Amino acid sequence: MNIDPQIQVQLLDIQGKDTEVAQLEYKRATLPAIEVKKELQSNFERARDQHIASEMILSDLQREAIKAEGDVEVVRQRVAKDEEMLNSGVINDPKQLSNLQHELESLAKRQLDLEDVELEVMERVEGAKAAVQVLAQQKIDFSAQLEAVSTELDSELAALTVDLTEVHAERESLAAVMPAEFLELYEKIRKGHQGMGAAKLHRGQCEGCRLTIPPQELNAIKAATPDVVVQCEECRCILIRTADSGI
């Protein structure tokens, strides 16, 4: 392939734009705010789930507390009824009186046990309420942080999108005057070589693979006319000859 030497040099400008695009895309994919947002999103979701779970636990404990309170109240009513009967004087049979007093003793012990249960449940309810409040605040805090970093990330991404749009436009302008077959060769090489399709031949070294060109290959390049498109035997990059190529 024979291409005007000046056109060949202009291919380096296209390579420069493609490299700039790759750098911008890498920057866009590796913005620190991306990882921060992922971590905050995870923290928020965990706090949200824990908050929901704590509310369910609190609800269960509150139902348990209502039941415990009801159990105590039933015993209290039974004690009050038995004491009223005992104090009314309507029971004269000693055995019945003894049984009633024994029942009152049993009920008193039962009441104490149930009140202990009620107190324990109420303490657990208070602990669950505190946990709900803490987790609710954590959820609010993570949500606020997530919103802030999302705004920051959106701003950074928007700026990079503007930069990419400008570089793509500049690249298209340069490619518009490039011979189609020459540009096609460059694209084919670039896609198979991690984005590098053209490189300077600088003092006998290919700037694409950073390897020194062997003397025999260098002599062949030197012998070629300036319009001949030459490639690096190692990385296949189109070698652009300049005044400091060392040939």
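The values are calculated or read from the model by the stated rules, or taken from the named source; none is laboratory data. None of these values were measured; they are calculated from a predicted model. Cβ: placed from backbone, ideal geometry, glycine included. Neighbour counts: every protein chain shown. The protein model used for the area step is the full one, side chains on, heavy atoms only, and it has no ligands, DNA or RNA in it. Shrake-Rupley method; radii C 1.70, N 1.55, O 1.52, S 1.80 Å.
Taking the stated definitions as given, is Thr225 closer than 29 Å to Arg28 by Cα, out of contact with any strand residue (DSSP E or B) (no Cβ under 7 Å at 6 or more places or on another chain) and β-branched (Val, Ile, Thr)? No. Taking Thr225, is it assigned to a loop (DSSP other than H, G, I, E, B) and among the hydroxyl-bearing types (Ser, Thr, Tyr)? Yes: the conditions hold for Thr225. Only residues that are surrounded by 12 or more Cβ atoms within 10 Å (Cβ to Cβ) and in a helix (DSSP H, G or I) were counted in segment 174-200, giving 10. Considering only residues of segment 98-112 that are more than 24 Å from Glu69 (Cα to Cα) and touching a Leu at 6+ places or on another chain (Cβ under 8 Å), which is least open to solvent (accessible area, probe 1.4 Å)? The selected residue is Leu100. In this entry, Thr212 passes the filter for residues that are on the phi < 0 side of the Ramachandran plot, open to solvent by 80 Å² or more (accessible area, probe 1.4 Å) and among the hydroxyl-bearing types (Ser, Thr, Tyr). Gln10 passes every criterion in (1) without any contact (Cβ under 8 Å) to a residue 12 or more places away in the chain; (2) of a type in the set (S, T, N, Q); (3) more than 25 Å from Phe142 (Cβ to Cβ) apart from (1). Restricting attention to segment 61-81 and to residues that are under 30 Å from Val132 (Cα atoms), open to solvent by less than 90 Å² (accessible area, probe 1.4 Å) and aliphatic (A, V, I, L, M), the residue that is farthest from the chain's Cα centre (by Cα) turns out to be Val72.
Residues satisfying the criterion are absent from segment 59-71 (criterion: part of a helix (DSSP H, G or I) and farther than 29 Å from Asp113 by Cβ). Could we say that Lys95 is in a helix (DSSP H, G or I), under 30 Å from Asp141 (Cβ atoms) and open to solvent by 90 Å² or more (accessible area, probe 1.4 Å) here? It is false that Lys95 is in a helix (DSSP H, G or I), under 30 Å from Asp141 (Cβ atoms) and open to solvent by 90 Å² or more (accessible area, probe 1.4 Å).
When Glu115, Glu120, Glu84 are screened for being modelled with pLDDT of 95 or more and either within 30 Å of Glu166 (Cα to Cα) or open to solvent by 60 Å² or more (accessible area, probe 1.4 Å) (or both), only Glu120 passes. Residues in segment 35-51 that are surrounded by 13 or more Cβ atoms within 10 Å (Cβ to Cβ) and without any contact (Cβ under 8 Å) to a residue 24 or more places away in the chain: 3 in all. Please work out if Arg203 is at pLDDT below 95, closer than 17 Å to Thr19 by Cβ and open to solvent by 50 Å² or more (accessible area, probe 1.4 Å). For Arg203, the condition - at pLDDT below 95, closer than 17 Å to Thr19 by Cβ and open to solvent by 50 Å² or more (accessible area, probe 1.4 Å) - is not met. Among the residues in segment 10-17, are any farther than 30 Å from Val177 by Cα and of a type in the set (Asp, Glu)? No, segment 10-17 contains no residue that is farther than 30 Å from Val177 by Cα and of a type in the set (Asp, Glu). Could you list all residues from segment 1-34 that are open to solvent by 40 Å² or more (accessible area, probe 1.4 Å), in a helix (DSSP H, G or I) and within 15 Å of Pro226 (Cα to Cα)? Selection gives Pro5, Gln6, Val9, Gln10.
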